[in-house]
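The values are calculated or read from the model by the stated rules, or taken from the named source; none is laboratory data. Keep in mind that what you see is a predicted model, and the values were worked out from it rather than measured. Reconstructed Cβ throughout: ideal geometry from the backbone, glycine too, with neighbour counts over all protein chains shown. Just so you know, the surface numbers come from the protein's heavy atoms only, side chains and all, with ligands and any DNA or RNA stripped out. Shrake-Rupley method; radii C 1.70, N 1.55, O 1.52, S 1.80 Å.
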Amino acid sequence: QVQLVESGGGLVQPGGSLSLSCIASGSIRGIYAMGWYRQPPGKQRELVATINSSPRPNYADSVRGRFTISIDNDKKTVFLQMNSLKPEDTAVYYCAAWESTIYWGQGTQVTVSS
């Protein structure tokens, strides 16, 4: 019913920036929130940031002040601006959307390394 396509991942040096985007398509009218999760190597998937239609954002403590989530409510497109990146930010980043269930994107690799 809902398809999510992420883009913007890649390799960046510590202290650098990347911007991720996620476009929702299909039956998108019922989506009431979108967000980002990530899965570092050898760890479980964890929340990064979410945003609802208000829009009201919330962030994990580990990224607050460095990452910014934003949303285009009409087009159901969510963005994640990542600044001051650290090696511990290295992970596969997944877009998520909430309706009657949760939908996931395919994931995009972000690697922070010298």
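Taking Ser70, Ser19, Ser62 as the candidate residues, the one with maximal mean-square fluctuation in a Gaussian network model of the chain, Cα springs under 10 Å, is Ser62.
Computed on the chain, with alpha-carbon pairs under 8 angstrom and 6+ residues apart, the relative contact order is 37 percent.
Please calculate how many Å² of accessible area the chain carries per residue, with a 1.4 Å probe and no DNA, RNA or ligand atoms counted.
Normalised by residue count, the accessible surface of the chain is 53 Å².
Taking only alpha carbon atoms, the chain gives an Rg to Rh ratio of 0.96, where Rh is the Kirkwood radius.
Taking Cα centre as origin and charging only the Cβ of basic (Lys, Arg, +1) and acidic (Asp, Glu, -1) residues, the dipole magnitude of the chain rounds to 80 debye. By accessible area, using a 1.4 Å probe on protein heavy atoms only, segment 18-81 has 47% of its surface on carbon and sulfur. Taking label points 7 Å from Cα along the Cα-to-Cβ direction, Lys86 and Val5 give a separation of 3.4 nm. Most mobile of Ile71, Ile23, Ile102 per a Gaussian network model of the chain (Cα springs, under 10 Å)? Result: Ile102 has the largest fluctuation of those listed.
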